[in-house]
Amino acid sequence: MSLKDKNVVVTGGSRGLGLGLVEALVAHGARVTIIARSADALESVRARLGVATICADVTDETAAHRILTEVSPDILVLNAGAKPRMGRLDQMSWADFTVPWEHDVKAGLYWLQAALKLPLKSGSRVMVISSGAAVDGSPMSGGYGGAKRMLWFMAKYANGISEQKDLGIRFQAIVPQQMVRGTGVGDTGAEAYAGAMDIKPEEFVARFGAPMPPREFGEKVVSVLDDPKYAEGFAFGLKGDTGITMLEGAVA
């Protein structure tokens, strides 16, 4: 899939990994619309990159249907995520534990449902951004690991529905396998784990190997979208030192 002039919607595209992806998409000629809650952050990105912006809450079910109907993207990237509350399991309230479920999973459900019910046009791609925590867990961030695994499952369920209904929509999971400094979730996690280990956040992040800044993350996602060998795979792990790794599904 060449990204030249492709219509792409990115939720949570005004900061962090989402912004890195938006930068990469624009550099490859895509026409990008980003969705976020902060009008100021959206305006800053619009002025710098020339993208379209929509200020909306991704957990608003009606917004998901309205935006996908209006924009009709060729590619939808579900990236928006709340910063998890950090703490040991024995220190967390239910409200803190379920933050990622009330935001990330709820938003994922509504946007995946909208993509299937409209539906998006045949040949569309939907990228669901998960996390390495979905594989190994994350004991300092409550329900975060489970929420990110649920998004992975939901993308697989959506693929099944697309096949059953012959919609021609391909759903894929993207799994960053390291914490990334300079992002809300990455900084929050690195600070919490480093504090528990009595080391500096940069020392903790260094344990993942070569860094993967947001723009590099974006280029790797672009490769998954653009390279035919990734068209039929389902879940892809992304790391700074090992690049793109197939986690689930056969490469075409």
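The values are calculated or read from the model by the stated rules, or taken from the named source; none is laboratory data. Just so you know, these numbers come straight off a predicted model, no measurement behind them. Accessible surface is based on the protein model in full, side chains and every heavy atom, while ligands, DNA and RNA are left aside. Shrake-Rupley method; radii C 1.70, N 1.55, O 1.52, S 1.80 Å.
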Seminar exercise, completed: Mean projected area, convex hull of alpha-carbon positions in region 71-121, reported to one decimal in nm², is 4.2 nm²
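Quick one: order His28, His65 from most to least accessible surface, probe 1.4 Å.
Details: His28 75, His65 50 Å².
In descending accessible area the options line up as His28, His65.
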For this session: Could you pull out the pairs from Lys4/Lys239; Lys106/Lys239; Lys165/Lys229; Lys4/Lys200; Lys121/Lys229; Lys165/Lys220 whose alpha carbons sit more than 32 Å apart here?
Result: Lys4/Lys200
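Length gain on complete extension for the stretch Ser93 to Asp40, per 0.36 nm per residue less the alpha carbon to alpha carbon distance? Each step should come with its number before you reach the end.
On the way: separation 53, 0.36 × 53 = 19.08 nm, distance 3.20 nm.
Gain on stretching Ser93 to Asp40: 15.9 nm.
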Problem set entry | Rg and Dmax [Cα atoms of region 1-100; Å; Rg one decimal, Dmax integer] | 15.4, 50
Exercise. In degrees between 0 and 90, to the nearest 10, how far off the longest principal axis of the chain does helix 39-49 point, with axes built from Cα atoms?
Worked result: 70 degrees
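Once the cut-off is 14 Å, how many percent of the Cα-Cα pairs in region 146-203 end up in the long-distance tail? It would help to have the intermediate numbers written out before the result.
Values: 1094 of 1653 pairs.
Across region 146-203, Cα pairs with separations above 14 Å total 66 percent.
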For this session: At a temperature of 20 °C and a viscosity of 1.002 mPa s, determine how fast the chain diffuses translationally according to Stokes-Einstein, using the Kirkwood radius over alpha-carbon pairs as Rh; express D in µm²/s, rounded to the nearest whole number.
Result: 118 µm²/s
Seminar exercise, completed: Computed over the chain, protein heavy atoms only, probe 1.4 angstrom, the accessible area per residue in square angstrom equals 44 Å²
For this session: Give the Kirkwood hydrodynamic radius (Å, one decimal) of region 123-225, defined as one over the mean of 1/r across all pairs of different Cα atoms.
Result: 15.0 Å
Exercise. So how tilted is helix 184-197 from the main axis of the chain? Cα-based, degrees 0 to 90, rounded to 10.
Worked result: 20 degrees
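Mean separation of Cα pairs under 8 Å and 6+ residues apart, divided by the residue count of the chain: what relative contact order is that in percent? Let's see the in-between values first.
Numbers: 524 pairs, mean separation 49.3, N = 252.
In percent, rounded to a whole number, it is 20.
Pop out the carbon and sulfur fraction of the accessible area of region 132-226 as a percent, whole number, probe 1.4 Å.
Values: 2200 of 4110 Å².
That fraction is 53 percent.
Could you calculate the contour length gain from Asp226 to Ala196, that is, 0.36 nm times the residue separation minus the distance between their Cα atoms, to one decimal place in nm? Don't jump to the answer; show the numbers that get you there.
On the way: separation 30, 0.36 × 30 = 10.80 nm, distance 4.04 nm.
Computed gain between Asp226 and Ala196 is 6.8 nm.
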Exercise. Helix 61-71 versus the longest principal axis of the chain: what is the Cα-based angle in degrees, 0 to 90, to the nearest 10?
Worked result: 50 degrees
Problem set entry | Long-range HN-HN contacts of Thr53 with modeled amide H, under 5 Å | Ile34
